Amino acid sequence: MASAREELQKDLEEVKELLNKATRKRIQDVLMAEKHKIETEIKNQPGPKPKSDAVEEEKPPAGGYTVKINNYGWDQSDRFVKIYITLNDVHKLPAENVQVHFSERSFDLLVKHLNGRNYSMTFNNLLKPISVDGSSRKIKTDMILVLCKKKQEDKWECLTRVEKESKDKEKAAYDTSDPGEGLMNLLKKMYSEGDDDMKRTINKAWVESREKQSKGDIPMDI
């Protein structure tokens with residue numbers, strides 16, 4: 001899956017592309033400000049987290065800690081979607097301590113009594129149905145491999161329907177043959193996600209453009 005740095009890099013490329021298309025100075029200023037902001041975020045991105053940070057601890061219930069697993073990797077073949085979870089020493093546990101329960105659209109992983117803690121992971125709303133009987137898990141050195149058997153041998157774009165819906169909405173926002181419309185969609189996104197300075201900059205550009213348009217100085221283009 002794409003890292004935060006990779007997503008920021010994609011945002012930066014998108015802003016650069018729209019900056020090349022923009023003709024109004026106010027819009028160019030807004031895009032330049034967003035470009036610098038994204039570049040700063042990329043520079044401030046932390047390096048890869050150590051394995052000890054791959055999970056997030058929750059408050060311990062009675063009887064010991066339960067740790068929610070947040071870090072994983074995945075890929076796929078024609079027949080399986082494969083989820084990789086790194087847990088130190090998991091291969092030293094009895095096999096029955098690593099349990100995975102599958103349904104057609106989800107799976108739950110529970111690892112019991114690993115170095116004094118339990119570990120859990122839940123995936124709901126998988127992108128496509130899986131075969132419960134054909135799915136399984138394998139225990140490797142310091143790793144669990146969850147194998148979700150596809151009901152149909154086709155490619156998955158992502159793991160869950162929520163991710164797919166999010167990607168579709170983002171694609172629809174920029175998938176337009178009208179550069180002006182794409183520019184407006186980007187400005188709306190920047191306004192909704194931006195800080196107070198960004199919102200003031202966009203509001204100022206909008207108000208000044210409306211004032212000039214009302215005077216007949218320029219056509220309305222933002």
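Can you give me the number of residues within segment 11-32 that are in a helix (DSSP H, G or I) and surrounded by fewer than 12 Cβ atoms within 10 Å (Cβ to Cβ)? Please lay out each step first, then the result.
Pass one, segment 11-32, residues in a helix (DSSP H, G or I): 11-21, 25-32.
Subsequent filtering for residues that are surrounded by fewer than 12 Cβ atoms within 10 Å (Cβ to Cβ) retains 13, 20, 25.
Summing the residues that are in a helix (DSSP H, G or I) and surrounded by fewer than 12 Cβ atoms within 10 Å (Cβ to Cβ) in segment 11-32 gives 3.
I'd like to know if segment 116-123 contains one or more residues that are touching a residue at least 24 places away in the same chain (Cβ under 8 Å), open to solvent by less than 30 Å² (accessible area, probe 1.4 Å) and outside any strand (DSSP E or B).
No, segment 116-123 contains no residue that is touching a residue at least 24 places away in the same chain (Cβ under 8 Å), open to solvent by less than 30 Å² (accessible area, probe 1.4 Å) and outside any strand (DSSP E or B).
The values are calculated or read from the model by the stated rules, or taken from the named source; none is laboratory data. Given the structure is predicted, the values throughout are model-derived calculations rather than measurements. As a convention, Cβ positions derive from the backbone with ideal geometry for all residues, glycine included, and neighbour counts pool all protein chains shown. Areas reflect the complete protein model, heavy atoms only, side chains present, ligands, DNA and RNA absent. Shrake-Rupley method; radii C 1.70, N 1.55, O 1.52, S 1.80 Å.
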